Amino acid sequence: MSNKATKKILIIAMLSALAVAGRIALISVPQVKPVLAIIILAGSVYGSLSGAAVGAITMFCSNMFMGQGIWTIWQIIAAAVVGFASSFIPRKNRLAFAVIGALLTWLVYGTIMNIGSVYMFQNEMSLAKILAFCISGLPFDITHSLSTFAFILAMDGKVRTIMEKYK
């Protein structure tokens with residue numbers, strides 16, 4: 001294995017560990033976690049596959065502490081898609097980047113989790129049920145998006161600089 005591949009694996013592992021620690025540290029505050037902000041920054045700095053890997057590894061490993069279940073696969077898929085998509089966010093300025101990150105959190109992660117919830121807890125899928133879950137989950141999705149927005153703003157400067165140093 002080359003030094004470059006080893007370095008990339010190490011970076012993915014370190015960012016995943018940081019996201020897991022952040023998720024566990026704020027376990028008592030629903031939906032307020034730095035996890036997706038770290039995943040979005042990882043995808044933005046290191047590319048789509050690294051962002052997806054950080055997302056998937058983070059959800060799997062953090063659920064070892066928070067509880068594994070059928071929801072874990074939906075969390076892995078949602079976080080991996082957000083990490084993958086974050087590599088395509090334009091880097092015009094920090095505020096625009098944070099807004100797009102919050103929208104990814106709400107519209108991508110939230111929607112995938114709401115569809116997963118219908119699949120897990122209902123005996124049949126329908127657009128009406130998906131919309132009902134999306135509407136009932138709105139307070140959680142908005143809180144999650146706003147916290148991701150705040151964490152991205154807080155980390156995008158110094159943390160991004162450190163991440164780019166080890167690119």
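The values are calculated or read from the model by the stated rules, or taken from the named source; none is laboratory data. Note that the structure is predicted; figures quoted are calculated from it, not measured. When we count neighbours, we look across all protein chains shown, and the Cβ atoms used for this are built from the backbone with ideal geometry, even at glycine.
So the values come out like this:
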item: Qualifying residue in the stretch 84-104 (condition: assigned to a helix (DSSP H, G or I), without any contact (Cβ under 8 Å) to a residue 12 or more places away in the chain and surrounded by 15 or more Cβ atoms within 10 Å (Cβ to Cβ)); result: yes
item: The stretch 138-167 residues that are within 11 Å of Val45 (Cα to Cα), paired with ones that are surrounded by fewer than 17 Cβ atoms within 10 Å (Cβ to Cβ) (beta carbon under 8 Å, 6 or more apart); result: Asp156/Arg94; Tyr166/Lys7
item: Given (1) in contact with a Gly (Cβ under 9 Å, 6 or more places away or on another chain); (2) more than 21 Å from Trp106 (Cα to Cα); (3) of a type outside the set (Phe, Trp, Tyr), index of the condition Met1 fails; result: (1)
item: Out of Gly51, Gly137, sole residue that is closer than 24 Å to Ser28 by Cα and of a type in the set (Gly, Ala, Ser); result: Gly137
item: Odd one out for Gly43 among (1) without any contact (Cβ under 8 Å) to a residue 24 or more places away in the chain; (2) under 22 Å from Ile152 (Cβ atoms); result: (1)
item: Qualifying residue in the stretch 66-78 (condition: in a helix (DSSP H, G or I), hydroxyl-bearing (Ser, Thr, Tyr) and in contact with a Lys or Arg (Cβ under 7 Å, 6 or more places away or on another chain)); result: no
item: Where a residue in the stretch 48-65 is modelled with pLDDT under 95 and its partner, wherever it lies, is among the aliphatic types (A, V, I, L, M), with Cβ under 6 Å and at least six apart; result: Phe65/Ile24
item: Qualifying residue in the stretch 87-94 (condition: within 14 Å of Ser44 (Cα to Cα) and among the hydrophobic types (A, V, I, L, M, F, W, C)); result: yes
item: Residues of the stretch 20-34 satisfying the condition of being not in a helix (DSSP H, G or I) and not hydroxyl-bearing (Ser, Thr, Tyr); result: Leu26, Ile27, Val29, Pro30, Gln31, Val32, Lys33, Pro34
item: Of residues in the stretch 119-149 being small (Gly, Ala, Ser) and not in a helix (DSSP H, G or I), the one farthest from the chain's Cα centre (by Cα); result: Ser126
item: In the stretch 22-34, the residues that are surrounded by fewer than 15 Cβ atoms within 10 Å (Cβ to Cβ) and small (Gly, Ala, Ser); result: Ala25, Ser28
item: Residue count, the stretch 150-161 (criterion: surrounded by fewer than 20 Cβ atoms within 10 Å (Cβ to Cβ), assigned to a helix (DSSP H, G or I) and not aliphatic (A, V, I, L, M)); result: 3
item: Selected residue (only one of Ala17, Ala37, Ala53, Ala42 is in a helix (DSSP H, G or I) and surrounded by fewer than 22 Cβ atoms within 10 Å (Cβ to Cβ)); result: Ala17
